[in-house]
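A short write-up of the structure that comes next.
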Amino acid sequence: MEKFSGSSVFGGVAIGKLFIFQKNENKIERRHIEDVEQETARFEEAREKAIGQLKELYDKVFEDVGEANAMIFEVHQMMLEDMDYLDSIHYMMKEQQINAEFAVAQTSDNFARMFEAMDDAYMQGRAADVRDISERLIQILSGASNRMESFGEPVVVAAEDLAPSETVQFEKDKLLAIVTREGSANSHTAILARTMDIPAVIQADIRLDPAYNGKLVIVDGFTGDIYLDPDEGTRKLMEAKQAQCMEEKELLEAFKGKEDVTLDGKQIKLYANIANPGDVANVLRNDAKGIGLFRSEFLYLESNDFPTEEAQFQAYRTVAENMAGKKVIIRTLDIGADKTVDYFKLAKEDNPAMGYRAIRICLKQPEIFKTQLRALYRASNYGEIAIMFPMVTSVEEVRQIKQIVDEVKKELESLSIPFKDVELGVMIETPAAVMVSDDLAKEVDFFSIGTNDLTQYTLAVDRQNAKLNDFYQPHHKGILRMIQMVVDNAHAAGIWAGICGELGADLSLTETFLKMGVDELSVSPSMALRLRKAIRETDTAS
Ligand code: PEP
Ligand code: MG
């Protein structure tokens, strides 16, 4: 047995096989091939396997989130049949007598560059697809697999670090726990782990030795300990801890169906945060009374190109319908900082957290914003949708947003497309927004305080920087005073104010928040029942 340790960002005990995730930075070697026929057969076998994987992915995504989102895997299958692409690979293998991996990599580069140079935005977007199918082929050819489906059973993923765009690619039902050598407690990858309700350990001293792949591992998300090849005693101990954890969860079941009301009768909106439509099942299972934050940018992160209006509409509609009349607050895309995707072509910035991100992108590139708004308004007809905007700093920005919203509504009206007049809110996650929250409150229907960013910007502590974990103090008096100020300004203007940052789930502050007058708490689904228990045990009048 080998023991490693790190810091826990979410509790629970996971037992399963280890999967070492390696980024695709491996240089592909050029090798001379004697037997071209054999190499061609090896390539064809890999291609068949890739098509098979894509078929499976198509079926799975179709079932989970619908045809619009699954389409891309059908496109990828077609690309693996494309004669130009295949001819290029075969030609290189034959004429240059080179290995299939190198021929695929070269062809991929050539084709991707060709697409990127085209004027048409759609064709430019195909570059990422060529790279994606080629990477799949190379992984199969080289026997290395970055794709979890090759494991066929749920695994514990260990990695150097994971970007949100990498984490979302893992199949959720195949993920038992996340262990990273780097990572910060406040990153979106940590938030995703909480949403998925799986143990997560960061800053772990585990070696990413490929020889560990497939070995049995136990992750104790409470202590941050990781046991590789556990001995009998440790295994028994951990199985008991896992069982105890399950029991506690079962005890919380008693709170399902109960009201979110304090001892002195104050009703609280207990909502949940999600990253994509697949998380709704978790929200319903944990009986949250609505969705307080749908991080819509994950639809963009899961895509190889801008998600179309139709694909977005289907996703929002699915969530609205599945929530059956309960409130669904969808945040417009918060791309940028740690959440980047190639096709946005965002330039490298020195201070990305303070850079071109979120609502700033939407105001500067209104065509992207309008596509999302159209999809949101179309979906509004299928449930109780509300829209909120991230990273707002001023009343002027809100007025610009509202003007764009009006344009979109007029467009839909002129096309006789039905929609509802939904509530609009802003996230309060910059100190500037706090300071002008009295004015902002007159412009919108609600506030949702994003304590993750508010802490980062108020304390000048980069939430992504693991070295600063000790300095990242959301309990700071400065933050708590800001929350009080926002709530007071909201109430003075007759609107409600909630918290959708991670602090909302901090049970040591529940009483404080409720006494401050916070109306809504939106937390990861797995925290909902624990929070309900805390709300019901709180007396705000005492
Ligand atoms: C926040 O900043 O608190 C928030 C909820 O948004 P995100 O964590 O996605 O930045
Ligand atoms: Mg934020």
Members of the stretch 458-494 that are in contact with an Asp or Glu (Cβ under 6 Å, 6 or more places away or on another chain) and closer than 22 Å to ASP439 by Cβ: ASN489
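For LEU301, are the conditions met, namely being touching a Pro at 6+ places or on another chain (Cβ under 9 Å) and modelled with pLDDT under 95? Lay out the reasoning, then the answer.
On the way: touching a Pro at 6+ places or on another chain (Cβ under 9 Å): yes; modelled with pLDDT under 95: yes.
In short, yes.
Out of all the residues in the stretch 468-477, is one or more touching a Lys or Arg at 6+ places or on another chain (Cβ under 6 Å), open to solvent by 10 Å² or more (accessible area, probe 1.4 Å) and part of a loop (DSSP other than H, G, I, E, B)?
First, the residues of the stretch 468-477 that are touching a Lys or Arg at 6+ places or on another chain (Cβ under 6 Å): none.
No, there is no match, as no residue in the stretch 468-477 is touching a Lys or Arg at 6+ places or on another chain (Cβ under 6 Å), open to solvent by 10 Å² or more (accessible area, probe 1.4 Å) and part of a loop (DSSP other than H, G, I, E, B).
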Scan the stretch 438-450 and report the pairs whose first residue is over 13 Å from VAL395 (Cα atoms) and whose second residue is within 16 Å of ligand 2 (Cβ to nearest atom) and part of a loop (DSSP other than H, G, I, E, B), with Cβ atoms within less than 6 Å and a gap of 6+ or a chain change. SER448/CYS500; GLY450/GLU429; GLY450/GLY501
Subset of the stretch 207-264, residues acidic (Asp, Glu), touching a residue at least 12 places away in the same chain (Cβ under 8 Å) and in a helix (DSSP H, G or I), comes to GLU239, GLU253
Can we say VAL461 is within 16 Å of ligand 2 (Cβ to nearest atom), open to solvent by less than 30 Å² (accessible area, probe 1.4 Å) and in contact with a strand residue (DSSP E or B) (Cβ under 7 Å, 6 or more places away or on another chain)? no
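Can you tell me which residue is nearest to LEU503 (Cα to Cα) among those in the stretch 232-272 that are in contact with a strand residue (DSSP E or B) (Cβ under 8 Å, 6 or more places away or on another chain) and of a type in the set (Asp, Glu)?
Result: ASP260.
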Within the stretch 437-453, considering residues that are within 10 Å of ligand 2 (Cβ to nearest atom) and either in a helix (DSSP H, G or I) or outside the structural domain of LEU424 (by TED's automatic domain parsing) (or both), the one farthest from ILE499 (Cα to Cα): ASP453
If I ask for residues that are open to solvent by 10 Å² or more (accessible area, probe 1.4 Å) and closer than 25 Å to GLU423 by Cβ, which ones from the stretch 443-458 would you list? GLU443, VAL444, ASP445, ASN452
Given (1) of a type in the set (A, V, I, L, M, F, W, C); (2) more than 30 Å from ILE202 (Cβ to Cβ); (3) surrounded by fewer than 22 Cβ atoms within 10 Å (Cβ to Cβ), identify the lone condition not met by LEU440. (3)
Only one of these conditions is not met by ASP338: (1) surrounded by fewer than 22 Cβ atoms within 10 Å (Cβ to Cβ); (2) over 26 Å from PRO525 (Cβ atoms); (3) within 16 Å of ligand 2 (Cβ to nearest atom). Which number is it? (2)
Selection status of LEU192, in a helix (DSSP H, G or I) and either surrounded by fewer than 20 Cβ atoms within 10 Å (Cβ to Cβ) or at pLDDT below 90 (or both): yes
Going by the structure shown, is THR538 away from ligand 1 (no atom under 16 Å from the Cβ), closer than 25 Å to ASP264 by Cβ, among the hydroxyl-bearing types (Ser, Thr, Tyr) and buried (at least 22 other Cβ atoms within 10 Å of the Cβ)? no
Being within 16 Å of ligand 1 (Cβ to nearest atom) and in a loop (DSSP other than H, G, I, E, B) narrows it down to one of GLN464, GLN456, so name that one. GLN464
Condition first: buried (at least 20 other Cβ atoms within 10 Å of the Cβ), among the hydrophobic types (A, V, I, L, M, F, W, C) and outside any helix (DSSP H, G or I). Now tell me which residues in the stretch 478-521 satisfy that. ALA497, ILE499, CYS500, VAL518, LEU521
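The values are calculated or read from the model by the stated rules, or taken from the named source; none is laboratory data. The structure presented is a predicted model; accordingly, all values stated were derived computationally and were not measured. Don't worry about glycine lacking a Cβ; one is built from the backbone with ideal geometry, like all the others, and counts go over all protein chains shown. Surface accessibility is based on the protein's heavy atoms, side chains included, excluding ligands, DNA and RNA. Shrake-Rupley method; radii C 1.70, N 1.55, O 1.52, S 1.80 Å.
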